[in-house]
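Notes follow the structure.
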Amino acid sequence: MTSKKNKARAPRETNPKKFKKKTSVLVTDKVEYVDYKDVNLLTRFVSDRAKIRNRRVTGNTVQQQREIANAIKNSREMALIPYTKRVSSTRPGRPPRDGDRAPRRDAAERTEEVTEDADAAAVETDTDTEATEA
């Protein structure tokens, strides 16, 4: 009895789904050497979040994909391509918990301290002006 791991794969001709293999951008543009300084070429192989696209998406061969990945990593190191791009997403506020219905104690204490300090400062300035007038 053979296990699933040891079974030989069926040839591609028996696959009922016919699919056309993607052609690589490198083949269509007739690029012989992938240069890390060619930012326009390398950005084609990077997603909107600056992730390197995989072979299945780009249609590269194994060797082309390896050259592209190394060139992208090298150009990132040289600061020609960003490692990540900022994505602004508005996060919804968290729902209130049971204890969040009332205002927080420490926030209320801080506002009381500020008003007390302001009142004390106002009293001090009033006594200073009275002393100078007399």
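Just one of (1) part of a loop (DSSP other than H, G, I, E, B); (2) at pLDDT 70 or above fails for Ser75. It is (1). I'm checking my understanding of the structure. Among residues of the stretch 95-119 that are at pLDDT below 75 and part of a loop (DSSP other than H, G, I, E, B), which one is nearest to Val39 (Cα to Cα)? Once the filter is applied, the top-ranked residue is Pro95. Restricting the stretch 46-72 to residues that are over 14 Å from the mean Cα position of the chain (by Cα), without any contact (Cβ under 8 Å) to a residue 24 or more places away in the chain and assigned to a loop (DSSP other than H, G, I, E, B) leaves a set whose member that is surrounded by the fewest Cβ atoms within 10 Å (Cβ to Cβ) is Asn54.
The values are calculated or read from the model by the stated rules, or taken from the named source; none is laboratory data. Note that the structure is predicted; figures quoted are calculated from it, not measured. Cβ coordinates were reconstructed from backbone atoms using ideal geometry, including for glycine residues, and neighbour counts include every protein chain displayed.
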